[in-house]
1. Kindly evaluate B:Pro107 against the criterion of being touching a strand residue (DSSP E or B) at 6+ places or on another chain (Cβ under 7 Å), more than 9 Å from chain A (Cβ to nearest Cβ) and touching a residue at least 40 places away in the same chain (Cβ under 8 Å).
2. How about segment B:57-114: which of its residues are under 28 Å from A:Thr52 (Cα atoms), hydrophobic (A, V, I, L, M, F, W, C) and assigned to a loop (DSSP other than H, G, I, E, B)?
3. Filter segment A:73-89 for residues that are under 22 Å from B:Gly42 (Cβ atoms) and buried (at least 16 other Cβ atoms within 10 Å of the Cβ) and give the result.
4. Can you find even one residue in segment A:48-55 that is surrounded by 14 or more Cβ atoms within 10 Å (Cβ to Cβ), within 14 Å of chain B (Cβ to nearest Cβ), closer than 27 Å to B:Ile60 by Cβ and within 13 Å of the chain's Cα centre (by Cα)?
5. Six or more apart or on different chains, Cβ atoms under 9 Å: show the pairs whose first residue is in segment B:47-69 and on the phi > 0 side of the Ramachandran plot and whose second is among the charged types (D, E, K, R).
6. Run A:Asn41 past the list (1) under 17 Å from B:Ser100 (Cβ atoms); (2) surrounded by fewer than 17 Cβ atoms within 10 Å (Cβ to Cβ); (3) in contact with a Phe, Trp or Tyr (Cβ under 9 Å, 6 or more places away or on another chain); (4) within 12 Å of chain B (Cβ to nearest Cβ) and report the number of the one that doesn't hold.
7. Looking at segment B:38-53, which of the residues that are small (Gly, Ala, Ser) and not in a strand (DSSP E or B) is farthest from A:Val4 (Cα to Cα)?
8. So, in segment B:8-24, of the ones that are within 13 Å of chain A (Cβ to nearest Cβ) and part of a strand (DSSP E or B), which residue ends up nearest to B:Gln103 (Cα to Cα)?
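The values are calculated or read from the model by the stated rules, or taken from the named source; none is laboratory data. Quick caveat: nothing in here was measured; it's all calculated off a predicted structure. Positions of Cβ are generated from backbone atoms using ideal geometry, with glycine treated the same way; all protein chains shown enter the neighbour counts.
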Amino acid sequence: AQSVTQLGSHVSVSEGALVLLRCNYSSSVPPYLFWYVQYPNQGLQLLLKYTTGATLVKGINGFEAEFKKSETSFHLTKPSAHMSDAAEYFCAVSELEKVIFGPGTSLSVIP
Amino acid sequence: DGGITQSPKYLFRKEGQNVTLSCEQNLNHDAMYWYRQDPGQGLRLIYYSQIVNDFQKGDIAEGYSVSREKKESFPLTVTSAQKNPTAFYLCASRRGGSLSYEQYFGPGTRLTVT
């Protein structure tokens, strides 16, 4: 079975600083990878996804992620954090008919 | 405007009562899912359905039941057998045909049982 790990259950950054949220997956086949964001008391919203092709994927709200097969990683980045980025972020991978989610990383942005 | 609706947003029940959470989608998606979310525990899969009249247990199905009589509807019943039902419940749907398709989520229902 596939699995997803997210290093750091909580990350704090200053407003304007680089955001880096880490995600590693285990998969024996080429993976389909996703990043979702969840604001308090809301559902999840897709930020971006990797299927095939270009390994650098751009998403909404200025986020991007790079698929690195050799490192089995799909880290999420944003050059400059905004207060509105404070939320929970989930990395996920497709496994047959299911989607396997990581435990999530809570991002705080300090003014 | 296509999407997933869950109702109600907040639900309160007394212990020992069954309660049904609604999930409707108008995206024409084949697959639908129910997740439970507790603080600090991420998403845990309760049940999922790939086609009408068929569904499978997820990782934490005990104490829950579902039905899929229509493509657009996938209600979840939390039974009195569920030991700790207070949680945030999320419904999702996904287009069929490829594992590359993402899930779309509803706004969630927060269930409190006292």
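1. No, not satisfied.
2. Answer for segment B:57-114, where residues must be under 28 Å from A:Thr52 (Cα atoms), hydrophobic (A, V, I, L, M, F, W, C) and assigned to a loop (DSSP other than H, G, I, E, B): just B:Leu99.
3. A:Ser73, A:Phe74, A:His75, A:Leu76, A:Lys78, A:Asp85, A:Ala86, A:Ala87, A:Glu88, A:Tyr89
4. Within segment A:48-55, one or more residues are surrounded by 14 or more Cβ atoms within 10 Å (Cβ to Cβ), within 14 Å of chain B (Cβ to nearest Cβ), closer than 27 Å to B:Ile60 by Cβ and within 13 Å of the chain's Cα centre (by Cα).
5. Correct list of pairs: B:Asn53/B:Arg68; B:Asn53/B:Glu69; B:Gly63/B:Lys83.
6. Answer for A:Asn41: the failing condition is (1).
7. Only one residue fits best here, namely B:Gly40.
8. Once the filter is applied, the top-ranked residue is B:Cys23.
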